[in-house]
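Notes follow once the structure below has been shown.
Derivation of every value follows stated rules applied to the coordinates shown; laboratory data play no part. What you are looking at is a predicted structure, and each value in this text was computed from that prediction instead of being measured. Glycine also receives a Cβ, built like all others from the backbone with ideal geometry; neighbour counts cover every protein chain displayed.
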């Protein structure tokens with residue numbers, strides 16, 4: 001049995017559009033260990049969500065997904081049929097989608113949406129599924145669970161809808177949970193509650209978790225390992241300490257400078273990253289961040305550097321880490 005629950009090697013995802021082919025994910029390799037809580041951060045459009053949806057094969061027909069390897073718990077996901085993937089999704093892999101209001105079916109009650117996967121995957125009766133649904137609603141901190149089972153998504157608050165989504169995703173005790181921006185549009189108090197809940201569920205059910213977000217404040221307290229994505233590539237990866245206190249890539253440094261602190265230290269002016277993300281319909285030959293990087297060299301615009309070891313478990317893809325890289329400091 002592999003030590004990694006999920007292993008992805010050289011994932012490439014593109015979309016055929018009327019204007020051309022968009023190369024959304026360009027050679028992403030990653031892994032998740034059993035019981036691990038990791039994070040993927042980056043600006044909107046950097047490929048975070050598309051990477052995970054590619055792994056789960058939940059993209060539209062205009063998507064082309066290729067990879068050297070996508071293996072989950074010893075199963076080659078690339079060889080699975082739609083029917084066999086349906087048995088894996090929900091039962092072994094759960095997903096919390098970005099917006100619970102659009103992800104939950106407005107025509108069905110919360111109870112119906114909770115009990116259906118339980119009956120399908122666990123082959124239990126509706127009565128037993130209802131008992132388990134009540135238990136899960138209590139587990140995720142929803143009050144009056146009997147009442148909530150009969151309600152429709154629009155009758156719940158944003159925080160309750162998000163908790164209901166988590167309950168549905170966790171109902172079959174999956175081995176892996178993928179949470180895509182689970183705190184978007186929620187106020188900071190509810191955000192903290194949701195993240196605390198996910199950490200508790202991870203401990204209670206020993207579920208591996210991948211948290212996708214652009215909010216560094218959300219990711220800091222719960223993830224043991226973090227990957228920074230930009231332009232469809234992984235630019236840096238390491239422990240939370242590495243990323244927040246010892247960043248080596250200029251993009252990671254830029255992200256940290258653009259986020260307000262906790263207010264305990266001296267006041268510092270926020271510094272936004274100038275420029276715009278690259279056009280992935282015509283991606284640059286070199287580092288995708290080169291055009292926005294103040295430290296860029298000529299080679300940065302010509303070729304993409306590979307991930308190099310900065311320290312144990314800390315990798316970064318930047319020409320500044322190559323001692324032989326030299327030349328004009330402008331791209």
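Numbers below:
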| quantity | calculated |
| --- | --- |
| Inter-site label distance for residue 98 and residue 155 at 7 Å from Cα along Cβ, in nm | 2.9 |
| Gyration tensor verdict on region 75-203 (Cα atoms; rounded if a/c is under 1.5, prolate if a/b is larger than b/c, oblate otherwise) | oblate |
| Rounded, prolate or oblate (a/c below 1.5 giving rounded, otherwise prolate when a/b exceeds b/c) for region 12-81 by Cα gyration tensor | oblate |
| R0 of 41 Å, Cβ-Cβ distance residue 196-residue 323: FRET efficiency to nearest 0.05 | 0.40 |
| With Cα atoms, 0 to 90° folded angle of helix 110-122 axis to the chain main axis | 90 |
| Likely footprinting exposure, 107, 77, fewest C-beta neighbours within 10 Å first | 107, 77 |
| Gyration tensor (alpha-carbon) shape descriptor, region 230-324, a/c threshold 1.5 | oblate |
| Principal-axis tilt of helix 158-170 within the chain, Cα atoms, nearest 10 degrees | 80 |
| Residue-averaged [θ]222 nm for the chain, counting only DSSP H segments that reach four residues, each worth -39500 (n - 2.57) | -9000 deg cm²/dmol |
| Residues 172, 318, sorted so that the one with the fewest Cβ neighbours within 10 Å comes first | 172, 318 |
| Value in Å of the Kirkwood radius, where the chain supplies the Cα pairs that are averaged | 21.1 |
| Gain in span if fully extended, residue 311 to residue 83, counting 0.36 nm per residue against the direct Cα distance | 77.8 nm |
| Between helix 126-139 and the chain: long-axis angle, C-alpha atoms, 0 to 90°, nearest 10 | 50 |
| 73, 242, 279 arranged by Cβ crowding within 10 Å, fewest neighbours leading | 279, 73, 242 |
| Part-to-part distance (alpha-carbon centres) for region 180-216 and region 1-62, which is given in Å | 20 |
| Relative contact order (percent, whole number), the chain, Cα cutoff 8 Å, 6+ residue spacing | 19 |
